[in-house]
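Report on the structure given below.
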Amino acid sequence: MTNPNLTNSNLNNMNATLKTVLLQPVRQKVTRRRLWGMALLLSVGIVACQAPSANEADQVSDQAANLEGEQVINLYSARHYDVDEVLYEQFTADTGIQVNVLEGQPDELIERIVNEGEQSPADVFIAVDAGRMWRAQEAGILQPVTSKVLTDEVPENLREPNGEWFGLTTRARVLVYNTEKVNPSELSTYEDLADPKWKGRVCIRSSENVYNQSLLGSMVESIGPEATQAWAEGLVANFARQPEGGDTDQIKAVAAGQCDVAIANHYYWARMAKSDDPAEKAAVEKTAVFFPNQQDRGTHVNISGMGLVKTAPHAENGIAFMEFLVSPAAQKVFAESNNEYPVVKGVALDPVVSELGDFKVDEVNVATYGRNNPEVNKIVDRVGWQ
Ligand code: FE
């Protein structure tokens, strides 16, 4: 097997990717099944990216043929929660289909599937954030799935219109404010944070972060690129400091009085509320969550998503697995593992998440976030949002 697109620099990148992927699961609780999956996947992967001899190529296709006959599904996942493993075991108990998991960073997993090409053992790809599911789609590694279960269970706004990927759980991008410095009656919308009354009071992470890119992508869709740019300009003018750290750091900065309000995903706040770390608990006590845009389009939500890989050797098993993940029991476990909202209606929420209350969701389709990303990149460049 030769791949004309493989250059030396691709190979170097692949080596780096392999190392990273190798290191990833070692930090976690490694199960025998996962190790078995790793060994198999890595052996296929390494051979696939080193342009093997004819003999080696035969071995690879033999392995792929064996894979096709087995009751397995090979999952490439950018989610890393121990509880996910419990779910995969339940799927095996229900169906007899083994789940082999390869964990890694989302962009690395996408690159890996691209490089593995036709030989890829990957069946299902899971990532957090619609922007990354969009990148997978753009890289051409997914295929449309027609499944009544998936279209019935996953609301239309939370799936790619052609069935290339589906939301699994949602996360709300909320405002977190300092309860001593801000009265919630002062808060209303994302747009309002560009008002001069917030000068020097707003914290948010870098515009390179995919959560912010998706938020801006949704705004481009709803209010248009000019209004989104004007908003971003006003927001940057109101920054309390240059963007640094992740969402948790923004919440801590609000608690410490460095800023009065931040934009962050709700589950970071919920995770801190459940933390055993006294500093995190104290930070949560000084802050509260506000759902913006409740009087108009609703609060921006993002997804953890899943898609069937274009070259999936076990496509049927992959679809069965995806359908299993939207069953009420799986939804409950999957959402709770990261304090998220299930995509399936009627599934009980985690108590801490439930206490945040009901809110109106912005129902703009999640596929627009990635589609508008080129425009978003221009906007953040023009307004100097680092
Ligand atoms: Fe996150």
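The values are calculated or read from the model by the stated rules, or taken from the named source; none is laboratory data. Computed from a predicted structure; not experimentally measured. With ideal geometry, Cβ positions are generated from the backbone for all residues, glycine too; neighbour counts draw on all protein chains shown. The accessibility values were calculated without ligands, DNA or RNA, using every heavy atom of the protein model including side chains. Shrake-Rupley method; radii C 1.70, N 1.55, O 1.52, S 1.80 Å.
Results, tabulated for the structure shown:
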read-out	value
In region 188-206, the residues that are more than 16 Å from the ligand (Cβ to nearest atom) and either at positive phi or open to solvent by less than 20 Å² (accessible area, probe 1.4 Å) (or both)	Y190, L193, W198, G200, V202, C203
Given (1) buried (at least 17 other Cβ atoms within 10 Å of the Cβ); (2) of a type in the set (A, V, I, L, M); (3) modelled with pLDDT under 95, number of the condition A329 does not satisfy	(1)
Residue within region 284-291 that is in the same structural domain as P121 (by TED's automatic domain parsing) and touching a strand residue (DSSP E or B) at 6+ places or on another chain (Cβ under 7 Å) present	no
Hey, A367 open to solvent by less than 20 Å² (accessible area, probe 1.4 Å), within 17 Å of the chain's Cα centre (by Cα), modelled with pLDDT under 95 and over 23 Å from A256 (Cα atoms) or not	no
Options N293, N339, N317; residue that is within 16 Å of the ligand (Cβ to nearest atom) and farther than 20 Å from N178 by Cβ	N339
Some residue of region 358-365 being aromatic (F, W, Y) and part of a loop (DSSP other than H, G, I, E, B)	yes
3 or more residues acidic (D, E): qualifying helices (runs of 4 or more DSSP H) within region 85-197	106-116
Residue count for region 195-207, restricted to those that are among the aliphatic types (A, V, I, L, M) and over 21 Å from Y369 (Cα atoms)	1
Lone unmet requirement of (1) surrounded by 19 or more Cβ atoms within 10 Å (Cβ to Cβ); (2) under 30 Å from P225 (Cβ atoms) for R382	(1)
